[in-house]
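First the structure, which I've put down as structure tokens, then a few questions once you've had a look.
The values are calculated or read from the model by the stated rules, or taken from the named source; none is laboratory data. Being a predicted model, the structure only gives us computed values, none of them experimental. Here the Cβ positions follow ideal geometry from the backbone for every residue, glycine too, while neighbour counts run over all protein chains shown.
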Amino acid sequence: MQSHAQATVPHPTAPSQSPLQALAPAPAARAASAPQGAATAPSIGRWPAYLFALWGLPTRVATLDEPATRTATATALRPVLTGRAPEPAVLHLPPAPPPPPPGWTQATASHAAAHWRFGGPPAPRARLKPVQQALFGALEDARVEWLALQELPGLRGIWLPFHAGPDAPQGLQFEALLARLSHCLLDPGHADPHPWVARARAVFYTPQGGLALRDTAEVRQAASVLGHDIGQMRLPFNAATYRVHAAYRDDHHWLWEPDDTLPPSATPLEGGGSGASAAPAPDAVQRPRPPDAARAAEQGDPGEGAGPGGGTPVAYAEWDARIGRYRPAWCQVFEHPPRPVGPAARRQAAAGVSALARRCAQALPAGGALRPAGRAARGEDFHAAALVEARLQQRLRQTPAADPYRRLQPDHRPLAVAVLLDTSVSTGDAVPGGRPIDRLGTVALATLQALALRGHRGALWSFASRGRHRIDLACLQTWADTVDTPAVAARIAELACAGSTRLGTVLRHGLAACGQDAAGAAQHRPLVLLLTDGEAHDVDVHTPGYLQADLARAVEEAAAQGIAVRCLAVPPARPAALVRAFGPGGAAVLRHAAQLPQVLGRLLRT
């Protein structure tokens, strides 16, 4: 296939109508010269000017032609993007199937411009499976289109017809689910009932409807996690035959770094480049991999991003009360996956459920328990008062009421509790009653055990900060894990006490974890439980009250998301400071372990 026509962008003149209307060639003009029944190479005359009008990007447009493609296989071809700064961007248009779909070339050009304007640097394919690579492409397509729609909302009307309609896939295979997900991400008003699509949508959007995947690193992480779910669903995928459903979208070659291990592409491009293994321009922007991710790759960790770990930082805004606004992307959180625990460490750890955990469980409401709630016409147990009334009505020669049974309804939604355990340097200090970390670890383990005994779910992270650029959260138990007491106890016993306590950012990460979990467990009520020994503090903050105000703001954000936040502290924490941050009833100080059932029950019931 050879590039046989090309056009470069002229300097546009001032049009009398909108650029999109003036520079998009009319459909009739595009199809006028096409032989009937043949695949046609789209007219490219004014498309470079159209691309320039969108975001002022210098571009070239070329068409590809080869006799072998002038068949029904032309419908499987996709546009190809090449060229990274400082090289000019080139859009290679394949022959359109007969007849060309209405608006196809305009949709293709608009999508290419969105990639050039908002796309990230090329990503390495290493450690991503074919399913995850396909997901990366679909999510990155949706991300750049979302950003483009913030500036040019009318583009949705150009792209959406290629996702909707009677030909849109509705099956349960992976490719169909990917097409259904693409439709949902382009059109937020479109609801899809499939749980995996709903989970992926929750990963893509923030609870407020904004964009959660802010760059290609976060897209890669999301693709890894969602691809892991597809693997658990045992859905087959043939990468050799896969084509993006929306015909205007490109073949995703532009998203990846060159890979010499791949076979040469069957699509030669202008200038000698080809397919997935083609090298980018000499000065192409390359994004270095984070140090933790590079170390993980060298150590051969399986499946990048199987969870939120992998060392890739997540950026969070921080509230600055002095200026009354957020500092965007101010803090970086590094989450680490659970550490494997060997047999020796398991044997040394406490085994079984502790007596303290059993007492705590008695103080908690049962998850999903039923309680009497009036009368019903059907049921398993009679309503005592209804039986008395029925007997009286019989004696009065009246027809008894038809609802003699007891109606039951759930008393409490089961909880999904994200437990955040403070491991800052102060938790290792020797104080009356023992080190705070020992007491906090006992509380964390007993809480997880009590939650499991009462039908609730829990996950556990330890945290510490070293300035706003380094906030570490180590996962000790995931949502999917059952309470493996020896493993969790061993991880807690080996925790090192170091760093500081940037509670606001830690809380925001806990809220994000609850939000991701809620996408697959909507029947649970999310709650974040902070376990700490004091107030917010960090080495790079010297303004009194700065971090306390940010923590209070994070608690307000949680309330807006419908997520409860509770704090259980041990001495030397001050109750007055906790009340200011978490509100009355939102925090408590545990002075003796014997008080834990009463204190924990009060915090988790409210």
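I'd like the residue in the range 525-536 that is in a strand (DSSP E or B) and in contact with a Lys or Arg (Cβ under 8 Å, 6 or more places away or on another chain) and, out of all such residues, is surrounded by the fewest Cβ atoms within 10 Å (Cβ to Cβ).
Going through the qualifying residues, I end up with Arg525.
Then there is this: List pairs: first residue in the range 574-596 and under 15 Å from Gly534 (Cα atoms), second residue surrounded by 17 or more Cβ atoms within 10 Å (Cβ to Cβ) and at pLDDT below 90 anywhere in the structure, Cβ distance under 6 angstrom, at least six positions apart or on different chains.
Close Cβ pairs satisfying both conditions: Ala577/Glu535; Ala587/Leu578; Val589/Ala573.
Something else now. Do we find a residue being buried (at least 20 other Cβ atoms within 10 Å of the Cβ), polar (S, T, N, Q), outside the structural domain of Ala222 (by TED's automatic domain parsing) and touching a Leu at 6+ places or on another chain (Cβ under 7 Å) anywhere in the range 495-511?
Within the range 495-511, not a single residue is buried (at least 20 other Cβ atoms within 10 Å of the Cβ), polar (S, T, N, Q), outside the structural domain of Ala222 (by TED's automatic domain parsing) and touching a Leu at 6+ places or on another chain (Cβ under 7 Å).
Out of everything in the range 574-598 that is aliphatic (A, V, I, L, M) and surrounded by 20 or more Cβ atoms within 10 Å (Cβ to Cβ), what residue ends up being nearest to Ala552 (Cα to Cα)?
Selected residue: Ala581.
From the list Ala490, Ala459, exactly one residue is modelled with pLDDT of 85 or more, over 23 Å from the mean Cα position of the chain (by Cα) and either assigned by TED's automatic domain parsing to the domain that holds Cys331 or closer than 21 Å to Leu511 by Cα (or both). Which is it?
Ala490
Here is a follow-up. For the range 102-110, check the following and say yes or no: at least one residue is surrounded by fewer than 21 Cβ atoms within 10 Å (Cβ to Cβ) and either acidic (Asp, Glu) or outside the structural domain of Phe52 (by TED's automatic domain parsing) (or both).
No, the range 102-110 contains no residue that is surrounded by fewer than 21 Cβ atoms within 10 Å (Cβ to Cβ) and either acidic (Asp, Glu) or outside the structural domain of Phe52 (by TED's automatic domain parsing) (or both).
From (1) farther than 25 Å from Ala317 by Cβ; (2) crowded, with 18+ Cβ neighbours inside 10 Å; (3) in contact with a helix residue (DSSP H, G or I) (Cβ under 8 Å, 6 or more places away or on another chain), pick out the condition that doesn't hold for Gly433.
Going through (1) farther than 25 Å from Ala317 by Cβ; (2) crowded, with 18+ Cβ neighbours inside 10 Å; (3) in contact with a helix residue (DSSP H, G or I) (Cβ under 8 Å, 6 or more places away or on another chain) one by one, Gly433 breaks only (2).
Give the residues of the range 132-170 that are over 23 Å from the mean Cα position of the chain (by Cα) and closer than 24 Å to Trp256 by Cα, sorted by residue number.
Residue satisfying the conditions is Trp159 alone.
Go through (1) at pLDDT 65 or above; (2) surrounded by fewer than 20 Cβ atoms within 10 Å (Cβ to Cβ); (3) of a type in the set (D, E, K, R); (4) on the phi < 0 side of the Ramachandran plot one by one and return the number of the condition Arg234 breaks.
Of (1) at pLDDT 65 or above; (2) surrounded by fewer than 20 Cβ atoms within 10 Å (Cβ to Cβ); (3) of a type in the set (D, E, K, R); (4) on the phi < 0 side of the Ramachandran plot, only one is false for Arg234: (4).
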